[in-house]
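Undergrad: Okay, handing you the structure first.
Just so it is clear, none of the values below were taken in a lab; they were calculated from the coordinates. Treat the numbers as computed from the prediction; the structure is a model and nothing was measured. Ideal geometry is used to build each Cβ from the backbone, glycine not excepted, and the neighbour counts take in all protein chains shown.
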Amino acid sequence: MQVVVRALEVLKVLSRAPKGMTLGEISERLGLPVASAHRTAVVLEQQRFITRSSSNRRYFLGPVLRELVQSDYSRESPLVTAHKAVSEASRLSGETVFLSEFAGDKVVCLALSESKFPLRLYVRVGQTMPLHAAAAARTLLAWQQPDRIQRLLANTELTAFTADTPNTVNAVMDHLARIRSEGYDICESELDENVWAVSAPVRSSTGEVVASITLAAPGQRMLEEFDRDEAVRIIRAAADEMAADLGWVAAGA
């Protein structure tokens, strides 16, 4: 019985820690010897009730508990403080890179690192992204529940910003299906003419997509397939790094 109670106590403290906890913090919070906390954590991790970040060694609630903790995670963004991966992706690519998240029913820019080159697409912290036309927003929308997607699109003015903007519900739904299949989104002159962007999802320990990271560049700098592939690689690596820090462990990893 004591073992079960101890495991439940670990789950309780982690459910209130969207940024995760170290083994020492768990031990101190529960008044447990570190060895006892470690034995409990090992069993919970083996059963995927919790996960441990490979980069910062912090523990998070795992995918088995996704439905139980989903509402708790929505109360506080685990990525409020800009992650170093944003600035690093910008440094490696030389382009503007920004982080976005749902705030209610809107997708907003949380943090950004600006390009050293001019970019006609104006992005600022706090800016709202159109759900149907911006890669940053579509990447978040793609993994929402189907009924929420339909509701959000029904309440969104599907403005045709350019000739290539998907501006019908069916067109957006088809695009979202491609995002889920490929694992990232490409936006080419759909929100602004001659602006190319790639966005990838950032997952939490429970598998929920909690943010998107996006690279945006003038189209003329993304004409070559090599440059586009490299931008995709950089942004997906940045998303994976942030997800690892939030405790995400990919299936089969």
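Undergrad: Return the lysines within reach of residue 84: Cα separation strictly under 24 angstrom, same-chain partners fewer than 8 residues apart disregarded; answer none if there are no such residues.
TA: 19, 116
Undergrad: Just one of [x] 0.98; [y] 1.07; [z] 1.03 is Rg/Rh (Cα atoms, Kirkwood Rh) as worked out from the coordinates here. Which one is it?
TA: [z]
Undergrad: Further, regarding this structure: Give me the extension gain from residue 155 to residue 194: residue separation times 0.36 nm, minus the current Cα-Cα distance, reported in nm with one decimal. It would help to have the intermediate numbers written out before the result.
TA: Details: separation 39, 0.36 × 39 = 14.04 nm, distance 2.79 nm.
Length gained between residue 155 and residue 194: 11.2 nm.
Undergrad: Quickly work out the residue 226-to-residue 164 label distance, labels modelled 7 Å from Cα along the C-beta direction, and quote it in nm with one decimal.
TA: Label at residue 164, label at residue 226, 2.2 nm between them.
Undergrad: Residue by residue through segment 36-47, which ³J(HN,Hα) values in whole Hz follow from phi under the Karplus form 6.51 cos²θ - 1.76 cosθ + 1.60 (θ = phi - 60°), with glycine and proline marked x?
TA: 5, 4, 5, 4, 5, 5, 4, 5, 5, 5, 4, 8
Undergrad: What is the calculated FRET efficiency for residue 180 to residue 2, with r their C-beta to C-beta distance and R₀ = 41 Å, to the nearest 0.05? Before the final figure, lay out each step's value.
TA: Details: r = 44 Å, r/R0 = 1.06.
In this case the efficiency is close to 0.40.
Undergrad: What length, rounded to one decimal in nm, is gained on full extension from residue 88 through to residue 48, with 0.36 nm per residue of separation minus their alpha-carbon distance? Write out the running numbers ahead of the final one.
TA: Working: separation 40, 0.36 × 40 = 14.40 nm, distance 3.07 nm.
That pair, residue 88 and residue 48, stretches by 11.3 nm at full extension.
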